[in-house]
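Q: Got a structure here, written out as C-alpha cells. Questions coming.
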Amino acid sequence: MQSSLPSGADACGHLPPDPEDTPLSDELALVVAGARRRAVRDGDRQVDSAHLLHSLLEADPDVRAAFADGGQVARLLGYLVQRSIGYGLQWQGTVEDSGAVPVVRGGAPGWSPVAASAMEAGTRRAVERGDERARGVDVLAALATDGESRAVEVLGRAGVDVDGLRRRLNRRGWTGMDRS
C-alpha cells in the first residue's frame, strides 16, 4: 500500500524512528549514510527499503555473500541503478508502508516506516545473537521478511528466491562472517 502522506508520517501522522539513533556497526553506519545520500540524489522524500537494499549491496561484502551467486547481485544492482531513470518512479512522492511491519511512533522524518522498522528489527536480531551492534545482514534479514516492501519487490524482479534467502539468513543467526 502506498500513500501520499507528508515526509515519512504514518496514517496517524506519527513519524518512524530515525535509524541513525540505533547502535550500528561502522559498516552499517556507512550503509545508512549511503542510503540517505541516494534518496536525496534521487529526489525522493524518504529513505525506503530499496535505497537501503542498494546501499547494503554496494557496501557490505557479507550482504553480497548472502545471495546464491554473483549474477543475482549484478541483476539486483541493475534494477536499483535504473530506479531514478524509470524503474521505481511510481514510488516517488509516496510513503512506503506495506502494513506488514508495525510502525513505531516518534523519531525524525526521512525514513519510510518499512525501512525504519527493518533497521529496528535488524538491531533486535543483533541483540538476540549477542551483538550490541547491527550488521548489514541483520538489516537484510529484516528487509526480506516484509513481502510487500520495495526491497522484496526488487529482489523478486531480479530472480532472487526470497524465501530461500530468508531461510539462509535466519539459519542460526547467519552473519555472513562464516560464509556457509
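Q: If you check ARG129 against the conditions, is it on the phi > 0 side of the Ramachandran plot and either surrounded by 17 or more Cβ atoms within 10 Å (Cβ to Cβ) or modelled with pLDDT under 90 (or both)? Spell out how you get there, then give the answer.
A: Numbers: on the phi > 0 side of the Ramachandran plot: no; either surrounded by 17 or more Cβ atoms within 10 Å (Cβ to Cβ) or modelled with pLDDT under 90 (or both): yes.
Considered against the rule, which asks whether it is on the phi > 0 side of the Ramachandran plot and either surrounded by 17 or more Cβ atoms within 10 Å (Cβ to Cβ) or modelled with pLDDT under 90 (or both), ARG129 comes out as no.
Q: Among the numbered conditions (1) under 21 Å from GLU27 (Cβ atoms); (2) at pLDDT below 90, tell me where GLY136 comes up short.
A: Answer for GLY136: the failing condition is (2).
Q: Moving to a separate point now. Where residues in segment 132-148 are part of a loop (DSSP other than H, G, I, E, B) and charged (D, E, K, R), which of them is least open to solvent (accessible area, probe 1.4 Å)? Explain how you work it out, then say what you get.
A: Start the filter on segment 132-148 by keeping residues that are part of a loop (DSSP other than H, G, I, E, B), which leaves 132-133, 135, 146-148.
Then drop every residue that is not charged (D, E, K, R), which leaves 132-133, 135, 146, 148.
Details: GLU132: 146, ARG133: 117, ARG135: 67, ASP146: 3, GLU148: 126 Å².
It comes out as ASP146.
The values are calculated or read from the model by the stated rules, or taken from the named source; none is laboratory data. Note that the structure is a prediction, hence the values are computed from the model and not measured. All Cβ positions, glycine included, derive from the backbone under ideal geometry; neighbour counts span all protein chains shown. Ligands, DNA and RNA are stripped out before the accessible areas are found, and what is left, the full protein with its side chains, is counted by its heavy atoms. Shrake-Rupley method; radii C 1.70, N 1.55, O 1.52, S 1.80 Å.
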